Amino acid sequence: MSKADTSAEAASPTVAVHVDQYNEPDEEHTKLLDPTSPTPTVTPSGQIRKVKSFTDTHRIRDVSAASGAASARCLRPYEQVTPYPEGSESGTNQYGAPSVRSLASIGMGCTDGRKMVIRRVPTSPTELFHLVRPPTPPDEDTASHESDCNEEEEDDETVHLKPRRPFWANKIQFVLACVGYSVGLGNVWRFPYLCYKSGGGAFLIPYFIILLVCGVPMLFMELAVGQYTAHGPIGALSQICPLFKGAGLASVMISFLMSTYYAVIIAWAIYYFFTSFKSEVPWASCSNRWNTAQCWVPFHNHTKPNGSQTPTEQFFEKKVLNMSDGIEFPGGMRWELAACLVCAWVLVYFALWKSIKSSAKVRYITTTLPFLLIIVFLGRSLTLDGADKGLRFFFKPDWELLKQSRPWVNAASQIFNSIGIAFGSMIMFASYNRFDNNFLHDTVAVSLVNAITSLIVGIFTFATIGNIAFEQNTGVKDVIADSPGLLFVVYPQAIAKMPAPQLWAVLFFFMFLCLGLNSQFAIVEVVVTSIQDGFPDMIRKRLVYHELLVLCVCMVSLIFGIPHIVRSGIYVFQLMDYYAASLSITYLAFFEVVAIAWFYGVGRLSRNIKQMTGRRPSLYFRFCWLVASPALLLALWVASLVDYTPPTYRQYQYPAWAQFLGWTIASMSLLCIPVYAVVVIIRSPGNSWREKLRNSIRPTFMCDCGVNGCDICCSESEPPDDKTTIN
């Protein structure tokens with residue numbers, strides 16, 4: 001370019017650079033931008049790099065043509081493209097941004113195809129790249145992958161939308177999100193409840209077997225799928241195997257149903273939290289207005305009378321719930337719980353309204369602080385009289401119970417609920433990872449923390465139950481009827497006998513509130529992320545603000561949670577938990593592992609994992625994906641149907657219409673898989689059903705070699721789809 005041309009451009013007030021979807025630069029434009037460049041872009045291995053469409057995929061790969069052993073590197077928009085020497089002509093400048101030659105080969109540095117308007121003409125390559133990419137990487141979410149290519153500039157309205165796929169600011173945020181979900185209500189509330197219900201020690205054996213055979217391998221698989229596809233459960237499974245897109249939809253449906261009644265547990269915790277500030281905890285005596293003649297205060301070596309209730313039981317059932325005699329007697333609204341439920345959803349909304357940018361910061365407190373309090377309560381519970389009695393019940397199995405299917409089904413339900421398998425949470429969390437994140441370390445860390453925390457929580461729970469059994473002169477299994485309110489009865493009774501019970505109560509229910517919020521954050525984020533992945537254009541045009549989408553999801557979930565806070569709400573709660581989160585979860589997990597391991601293929605998934613981490617998964621993982629996990633899940637699903645028993649709440653038997661309602665709730669997730677599979681087959685291209693079926697199981701984003709956007713499979717003679725224009 002001559003000096004006259006340079007001076008003419010310097011006088012121009014605005015230069016608009018328009019870049020459409022890029023395939024390969026025209027020879028004319030390549031020479032114009034860098035006459036010395038003989039090829040579009042040459043990688044260190046000698047491969048010609050070609051990018052098919054930046055709006056359809058976020059990956060740019062460097063694949064070795066000789067043996068395929070070199071790892072393919074996937075970089076998302078605005079990351080360094082090639083590791084050239086610093087300051088080289090075709091490499092990067094001192095800030096890590098591509099040089100002029102590299103910029104020409106990747107479409108002028110714009111990966112989403114939008115027009116850039118530069119208000120002042122840069123006088124050097126460094127200044128140009130400062131405009132495109134700031135030199136200091138900010139701790140902000142990266143730009144959206146899917147922008148409107150026809151836009152002249154960003155409208156003022158659309159800048160408020162959160163990007164399609166931001167990144168975790170650091171690895172700690174991702175690990176805290178996974179650990180916060182696993183060490184949430186799944187461990188502190190559900191684990192002691194299901195363990196007590198399943199016979200104590202008889203629950204631990206199937207728990208750890210299923211953790212090793214299904215839990216750890218499927219967690220590793222979900223993290224791999226989420227990180228590779230960069231989508232939530234619906235988008236990820238639709239790309240892996242369109243035929244089983246319904247499995248992703250079913251996981252989102254279950255997450256939505258769980259969010260409606262998990263918020264109720266948080267509302268109970270908020271109620272107890274504020275009640276703990278009274279001068280005397282109200283569940284310590286029988287002198288309150290809600291107590292009845294059956295109220296009995298435990299004394300040492302005094303056997304509990306038949307039909308009597310402790311003050312903590314009556315406080316929970318008659319004061320907090322004011323429960324009616326059955327689900328057929330709904331009664332009035334519990335307005336105190338309604339206010340607590342609104343408060344719970346307000347906390348969830350303001351933690352999620354800025355996507356992972358806000359929720360990740362909240363988790364620094366809600367995940368770390370409960371661990372300290374759990375250790376404190378563990379030390380206190382081990383000093384109680386009769387603690388050894390409860391620990392023997394917890395660790396000594398009844399071998400006869402292992403012949404029944406119920407402990408195995410409950411153990412599988414607990415594994416999936418605590419780790420988040422088949423609920424879409426882990427796929428969603430991993431979709432915000434960088435492509436080269438080593439998630440094997442994350443899998444091991446989350447699994448170990450989940451197992452250790454479950455044991456710690458079980459120890460201090462059953463030590464407390466042993467103390468109650470010691471005071472009531474009864475057996476551990478007869479202390480209290482198994483119910484979802486176990487935690488709200490056992491712990492307050494132990495806290496009431498501690499010195500300064502108000503302080504301990506405030507600390508305990510604040511810890512429980514934090515753990516509940518961790519679980520709720522993950523569940524609601526699955527729903528929000530799936531809606532964004534499924535309807536991006538509608539969300540952008542109709543809602544405009546990302547905060548409005550989160551508000552709509554929270555409002556709808558709040559409305560669906562209202563039936564849980566009427567006087568018959570505890571019966572609705574038990575019905576929802578039995579059919580939505582326990583009965584159908586093994587069914588959903590089975591079809592998820594079948595879709596990924598059998599239809600997509602263990603070989604393809606192994607190659608994808610090698611692309612991201614540099615090494616293939618071990619034989620242990622591949623065997624579990626292909627054989628062990630599907631076989632065990634199918635056996636558990638069949639056993640749960642054969643030994644099906646209607647749900648109960650203590651001695652209350654649900655009427656037939658309530659059981660039908662429960663199966664209707666379960667079918668909302670169970671029918672998603674077969675119904676959507678039929679729809680996909682019908683819509684698939686093909687002249688025969690066999691051809692339609694073959695097209696419906698074909699991954700939507702893969703080359704024949706199993707590499708997304710493979711450079712080797714793309715012929716050099718392939719004509720470009722779009723043009724690069726400079727206005």
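The values are calculated or read from the model by the stated rules, or taken from the named source; none is laboratory data. Everything numeric here is computed off the predicted structure, so don't read it as measured data. All Cβ positions, even for glycine, are placed from backbone atoms using ideal geometry, and neighbour counts span all protein chains on display. Side chains included, ligands, DNA and RNA excluded: accessible areas come from the protein's heavy atoms. Shrake-Rupley method; radii C 1.70, N 1.55, O 1.52, S 1.80 Å.
Before moving on, here are some points about what is shown:
- The simple Förster model, with R0 at 45 Å and r as the Cβ-Cβ distance, assigns Asn473 and Lys403 a FRET efficiency of 0.90.
- Net length available on complete extension from Arg683 to Ser279 is 138.9 nm, with 0.36 nm assigned per residue and the Cα-Cα distance removed.
- Between Lys497 and Val444, the modelled label-to-label distance comes to 4.3 nm, taking each label 7 Å out from Cα in the direction of the beta carbon.
- Taking the convex hull of the alpha carbon positions in region 454-494 and averaging its projected area over all directions gives 2.8 nm².
- Annotation note: chymotrypsin sites (Phe, Trp or Tyr not before Pro) in region 379-415 located in DSSP loop regions with a Cβ neighbour count of at most 14 within 10 Å are absent.
- When +1 charges are put on Lys and Arg Cβ atoms and -1 charges on Asp and Glu Cβ atoms, the dipole computed for region 239-332 relative to its Cα centre reaches about 160 debye.
- Region 245-252 - phi-based ³J(HN,Hα) in whole Hz, Karplus 6.51/-1.76/1.60, Gly and Pro as x: 4, x, 5, x, 5, 5, 5, 5
- Take the Cα radius of gyration of region 350-497 and divide it by 2.2 N^0.38 Å, N being the number of residues; the result is 1.27.
- Cα gyration tensor of region 519-561 - equivalent ellipsoid semi-axes, whole Å, descending: 18, 12, 8
- Between Glu691 and Asp436, the C-beta separation translates, for a Förster distance of 25 Å, into a calculated FRET efficiency of about 0.10.
- Sequentially through region 180-194, phi angles give Karplus couplings (6.51, -1.76, 1.60; θ = phi - 60°) of x, 6, 5, 9, x, 5, x, 8, 7, 9, 6, 4, x, 5, 6 Hz, Gly and Pro residues having no value and appearing as x.
- Contour excess over end-to-end distance, with Cα ends at Arg616 and His302 and 0.36 nm allotted per residue: 106.9 nm
- Long-range tail of P(r) for region 585-686 (Cα pairs > 15 Å, %): 74 percent
- Members of Lys171/Lys541; Lys319/Lys389; Lys278/Lys318; Lys354/Lys610; Lys361/Lys541 lying beyond 25 Å, as alpha-carbon distances in this model show: Lys171/Lys541; Lys319/Lys389; Lys354/Lys610; Lys361/Lys541
- From most to least packed by mean Cβ count within 10 Å, the peptides 260-271, 678-689, 550-561 give 260-271, 550-561, 678-689.
- Fully extending the segment from Ala656 to Val627, taken as 0.36 nm per residue of separation minus the present Cα-Cα distance, adds 6.6 nm.
- Built amide H within the under 5 Å cut-off of Thr474, gap 5+: none
- Sites listed here are trypsin sites (Lys or Arg not before Pro) in region 267-347 whose DSSP assignment is loop and whose Cβ has at most 10 other Cβ atoms within 10 Å: Lys278, Arg289.
- Carbon plus sulfur fraction of accessible area for region 235-384, probe 1.4 Å, in percent: 65 percent
- Each semi-axis of the equivalent ellipsoid for region 189-248 is √(5λ) with λ an eigenvalue of the Cα gyration tensor; in descending order they amount to 32, 12, 10 Å.
- Taking 7 Å steps out from each Cα toward its Cβ at Leu382 and Lys197 produces label points 3.0 nm apart.
- Accessible area of region 432-532 belonging to carbon and sulfur atoms, whole % at 1.4 Å probe: 70 percent
- Distance in nm between pseudo-label sites at Lys171 and Cys552 (7 Å out along the Cβ direction from Cα): 3.8 nm
- Interchain or long-range residues, amide H under 5 Å from Cys295's placed H: Gln309
- Using θ = phi - 60° in the Karplus curve 6.51 cos²θ - 1.76 cosθ + 1.60, the 3J(HN,Hα) couplings for region 326-332 round to x, 5, 7, 10, x, x, x Hz; x is entered for Gly and Pro.
- Solvent-accessible area per residue for region 368-444 (1.4 angstrom probe, square angstrom): 39 Å²
- Rg/Rg_globular for region 421-564, with Rg_globular taken as 2.2 N^0.38 Å and Rg from C-alpha atoms: 1.43
- Amide H contacts for Arg334 (H built 1.01 Å from N in the peptide plane; partners 5 or more residues away or on another chain; cut-off under 5 Å): Val566, Arg567.
- For region 510-579: accessible area per residue (Å², 1.4 Å): 33 Å²
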